[in-house]
Amino acid sequence: MERWRVILGAILTFAVAAQAGHSQEKAAPSTAQVHLVITDMALRGDNELPRLKQDEVKVKQGKTFLQVTQLIPAQGDNAALQLMILIDDTLDTSVGNNLTDIREFIKAQPPSTVIGIAYMANATVNVVQNFTADHEAAAKAVRLPRGGFSTQDSPYLSLISLVKGWQQQNVRREVLMVSDGIDRLRGEKPTAAQLGPSLGYGPAYHSMPTISADATGASEISQRYNVIVHSIYAPGV
């Protein structure tokens with residue numbers, strides 16, 4: 001099995017405060033401040049990002065452009081990040097060798113990042129480590145997946161469950177999801193064209209089948225709850 005690779009480009013995250021208007025018939029318009037997280041990314045990983053200015057950010061609600069009142073780079077005192085490592089418990093235990101990469105990634109995070117560890121199964125999540133600034137403790141919480149299936153396994157519904165239960169705070173919130181991407185709840189199975197060579201425990205598929213209908217829903221809900229999701233594809237059996 002190939003080792004997982006994480007490629008980090010030039011990425012800078014900002015918190016945006018905008019004034020959103022709410023109007024009702026025969027009532028004076030009112031405003032409410034909302035907090036959004038945006039990511040400014042270079043087209044190439046070796047490019048340096050130019051400084052993003054407040055007047056370069058446009059926020060639109062329906063057909064109406066909202067006023068951006070503040071742009072805060074997620075650096076220094078504003079660099080707080082909640083990162084949840086979400087691992088599919090249906091993955092074969094042979095991925096154990098690759099978990100070292102995840103543990104090293106956790107240990108390399110800056111002190112401003114708090115990390116949680118959770119496992120996906122039966123369309124739910126099992127949090128084995130709550131958010132902590134102790135990166136050594138978070139790394140130790142990473143265990144082998146159980147490798148067992150059920151009829152309810154859907155990584156996308158598990159992601160939705162996590163996002164909906166995540167307490168809202170004005171900090172960046174991100175998920176690193178490690179999964180084979182198979183939605184067994186929807187009856188998805190790898191086809192012959194997706195099967196690769198045997199790795200000693202049976203044939204492994206090297207690409208996902210058709211994207212689950214729940215994947216779109218999980219993406220939309222993550223955006224609605226202001227959670228950024230990154231994925232690592234881990235081949236299953």
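All of the numbers you see were taken from the coordinates with simple rules; none came from a lab. Predicted, not measured: the structure shown is a model, and the values here were computed from it. Note that we place each Cβ from the backbone using ideal geometry, even for glycine, and neighbour counts take in every protein chain shown.
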Under a 5 Å amide H to amide H cut-off, with H placed in plane at 1.01 Å, what residues pair with LEU66 once short-range neighbours are removed?
-> VAL59, LYS60, GLN61
In order through the range 106-116: 3J(HN,Hα) via Karplus (6.51 cos²θ - 1.76 cosθ + 1.60), integer Hz, x for Gly, Pro = 4, 5, 7, 6, x, x, 6, 9, 9, 10, x
Using mean Cβ contacts within 10 Å as the protection proxy, how do 84-91, 139-146 order, highest first?
-> 84-91, 139-146
Could you pull out every residue, at least 5 positions away or on a different chain, whose amide H is within less than 5 Å of the one on VAL229? Hs are placed 1.01 Å off N in the peptide plane, and Pro or chain starts have none.
-> VAL175
Expected vector for the range 125-134, Karplus 3J(HN,Hα) from phi with 6.51, -1.76, 1.60 and θ = phi - 60°, integer Hz, x for Gly and Pro, equals 10, 10, 7, 9, 8, 5, 3, 8, 8, 7
For the range 145-184 and the range 97-112, what is the separation of their Cα centres, given in Å?
-> 19 Å
Order of 97-106, 157-166, 58-67 by packing, highest average Cβ count within 10 Å first?
-> 157-166, 97-106, 58-67
So who's got an amide H within less than 5 Å of the one on ILE87, skipping anything under 5 residues away but keeping other chains? H placed 1.01 Å off N, in plane.
-> ALA118, TYR119, MET120, VAL178
For the range 50-59, what does the Karplus curve 6.51 cos²θ - 1.76 cosθ + 1.60, with θ = phi - 60°, yield as ³J(HN,Hα) per residue in whole Hz, taken in order and with x for Gly and Pro?
-> x, 5, 7, 9, 4, 6, 8, 9, 10, 10
